[in-house]
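Written below as structure tokens is the structure these notes are about.
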Amino acid sequence: MEGTLVDGTVQVGADAKQRFHDARGYGRMRDSTIVELAPVEAAHLLARGDLETVIIDASSSAGETASVDDVNTTPHIGASDTSGPHSADDSSTYHVGFRGFLAYTDAARQFAVYKDLRDRGFYLSPARSSWPGVDPAVGNQIDFIVYPRGMGPHDDEVAHQICVIGERETVSMSTLGDVVLAVVDEDGELTYFETDSNSAFHEVISHDEDNTDSKNIDPSEISDNRTTQDQSSLPADLSADVIHDRVVCYDATDSLYDENFYGQRLFGRNADTGPIQFSLIEAAYLAQQGVIAVDTATIVAIGRDVEGERFDRRLRVYAALRNHDTVPKSGFKFGADFRVYTTFDGIDSLDHSTDLIRVCQTDMKIYPRDLSLDIRLAGGVRKRMVFALTPANGDIHWLSVARLTL
């Protein structure tokens, strides 16, 4: 059986409807007899031997990745690949097999993912906006729609939306969320990352549109941004000294550290009393809340000197976390901005932190290798990796990312 490449899809007749579409979920019906296959589907059928060749008409194939003439001059098409003109009178029409078709469509990376998912027992569809099960709003970002095992394109349920990238490409963080990244490394091995905007973390950090803490608050201004966190146990107007890149409070009450986990004991972790040192982030937040009698603008200015605009973003994220009854602390030892304790009942019963937070600009682009490092480290210490996408204005967007085993 052979197909014909027409306007970017491969059209197959004969009994393709019964064999490919109805029985195995390939393609879509162009009419009552013709099945229309995406190039990656046709490549898979060629690799399986279900299709023998695809006919390419070079005179009407403008816009493809490679030209037929280019492919014809490479060893990808040879006698075993059944290539060449149909006849002496039809020099622009070629028959190509799997090797020639893959080279012509430049679909090797997508093919690797498609075949892997098929081998795992999934039905999947190329994510063209007009194809079954595809949301037009994401059709230009997604390569495949994967259906739950036992279901197909005609069922009303989607298991995963797959975006295929290579390890040397960057991906914009703003395009992630409810998408699975399928990363094809230089060896052709596959790694799947699930990105989620609605994970269990977001049930803890829920955003109320009327709550100003999730908006853009100018950290240089002291304002009454009282929040959902109970401040009743905190003192007020404590004297403190700014010392380089930290703030030390010599008259701190035990409630600051023991009950709310602000700062660290200056005399060491084994000290039960004594001065408490705060990071600039903690100090700016406590100054905003009126807990320490230090000018917020002074602390913020120092923070901007040592971190630039990143300090403002981190302060916004820190405030949002504190304001939703979680306890953020430095994530330096894990290579992150913050480690987060989603429950905290006192320093004496301190458990392990549950999440690692990296603060990013919304439009930040990241290499899969760097994403993999963050996720691998978080998984190795049994924590959830969360990216806080923080725009100059507007709400913080929380994005959880984890390895996905299919």
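Bear in mind that the values in this text are calculations on the coordinates, not laboratory data. Here the structure is a predicted model, which means the values were calculated and not measured. All Cβ positions, even for glycine, are placed from backbone atoms using ideal geometry, and neighbour counts span all protein chains on display.
The table below lists the values:
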item	result
Label-point gap, in nm, between Val381 and Asp57 - each point 7 angstrom along Cα→Cβ	6.2 nm
Residue exposure sequence - Tyr114, Tyr367 - by fewest surrounding Cβ within 10 Å	Tyr367, Tyr114
Mean Cα-pair separation over length for region 218-317, i.e. relative contact order, pairs under 8 Å, 6 or more apart, %	32 percent
Cut-off under 5 Å, modelled amide H: who pairs with Ile396 long-range	none
Cα gyration tensor shape for region 218-317, rounded if a/c is under 1.5, else prolate or oblate	oblate
Within-10-Å neighbourhood charge of Met29 [Cβ basis; K, R +1; D, E -1]	0
Cut-off 12 Å between beta-carbons: net charge of the residues surrounding Phe311, Lys and Arg +1, Asp and Glu -1	-1
Estimated inter-spin distance, Ser174 and Leu406, nm [label 7 Å along Cα→Cβ]	2.9 nm
11 Å beta-carbon shell around Val6, net charge (K/R +1, D/E -1)	-2
Separation in nanometres of the label points that stand 7 Å from Cα toward Cβ, at Ala301 and Arg30	7.1 nm
